[in-house]
Amino acid sequence: MKNIFLFLFLLSVSSCSKHYVVTQYKFEEQRLNPNSPGDETIARVVQPYKDSLDKEMNVVLCVSDTILTKSVPESDLGNLMCDLVLKKSKDYCNCAVDFTFLNNGGIRLPNLPKGNITLGKIVELMPFENLIDVMTVSGKTLDTL
């Protein structure tokens with residue numbers, strides 16, 4: 001009998017709950033700019049990761065003697081991207097790869113400047129986790145392509 005009263009008591013207490021409803025809110029936009037004061041503690045924590053990433057992203061992949069621009073259907077910027085993917089395709093599969101085919105929509109920068117082209121610029125150019133598929137196709141399929 002005691003257990004039943006305890007159960008009923010707990011049931012009645014747990015069934016009583018308040019429901020809250022948002023009646024108003026306040027939004028205040030705060031933009032960051034280069035003149036905003038930095039937080040020293042966060043800067044110290046982030047600095048080793050930034051240094052490591054900068055070291056990797058500043059590796060020069062190639063040097064261009066002209067500005068490389070994006071255009072349709074084919075461009076010097078697209079050709080550079082295909083050449084880089086073709087090189088990596090050959091490295092990864094250790095086999096004969098004859099050509100690379102990429103679509104123009106994957107190019108996310110309008111151009112690359114004259115001079116050193118770094119891995120960081122290529123990541124900006126293709127900011128996705130792209131995969132390279134190497135496949136064998138028939139002459140008829142290649143002709144259709």
Problem set entry | the chain, accessible surface, carbon-and-sulfur percent (1.4 angstrom probe) | 58 percent
Exercise. Over segment 65-132, what relative contact order in percent results from Cα pairs under 8 Å that are six or more residues apart?
Worked result: 40 percent
Exercise. If packing is taken as the mean number of other Cβ atoms within 10 Å per residue, what is the order of 129-141, 27-39, highest first?
Worked result: 129-141, 27-39
Exercise. If you stretched the chain out fully between SER36 and LYS88, how much longer would it get, using 0.36 nm times the residue separation minus the C-alpha to C-alpha distance?
Worked result: 14.6 nm
Seminar exercise, completed: Taking a probe of 1.4 Å and leaving out DNA, RNA and ligands, the chain shows per residue an accessible area in Å² of 89 Å²
Exercise. For the chain, what is the charge dipole size about the Cα centre, in debye to the nearest 20, if Lys and Arg each add +1 at the Cβ and Asp and Glu each add -1 at the Cβ?
Worked result: 680 debye
Exercise. Tilt of helix 76-93 relative to the longest C-alpha principal axis of the chain, in degrees (0 to 90, nearest 10)?
Worked result: 80 degrees
Problem set entry | Distance from segment 47-77 to segment 19-33 (C-alpha centre basis), Å | 40 Å
Seminar exercise, completed: With label points set 7 Å from each Cα along the Cα-to-Cβ direction at ASN79 and ASP143, the distance between them in nm comes to 2.7 nm
For this session: With Cα Rg over 2.2 N^0.38 Å defined as stated, name the option among (1) 1.07; (2) 1.19; (3) 1.97 computed from the structure displayed.
Result: (3)
Exercise. Just from its helices, what would the mean residue ellipticity at 222 nm be for the chain, if runs of 4 or more DSSP H residues each count -39500 (n - 2.57) and the sum is divided by every residue, rounded to the nearest 500 deg cm²/dmol?
Worked result: -13500 deg cm²/dmol
Exercise. So how tilted is helix 40-57 from the main axis of the chain? Cα-based, degrees 0 to 90, rounded to 10.
Worked result: 30 degrees
Exercise. What number comes out for the charge environment of PRO110, summing +1 per Lys or Arg and -1 per Asp or Glu over other residues with Cβ under 13 Å away?
Worked result: +1
Problem set entry | Positive dipole terminus of segment 22-77, leading residue within SER64, VAL46, GLN24 (C-beta point charges) | GLN24
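The values are calculated or read from the model by the stated rules, or taken from the named source; none is laboratory data. Remember, predicted model here, so these are calculated numbers, not experimental data. All Cβ positions, even for glycine, are placed from backbone atoms using ideal geometry, and neighbour counts span all protein chains on display. These accessible areas exclude ligands, DNA and RNA; they are computed on the full protein's heavy atoms, side chains included. Shrake-Rupley method; radii C 1.70, N 1.55, O 1.52, S 1.80 Å.
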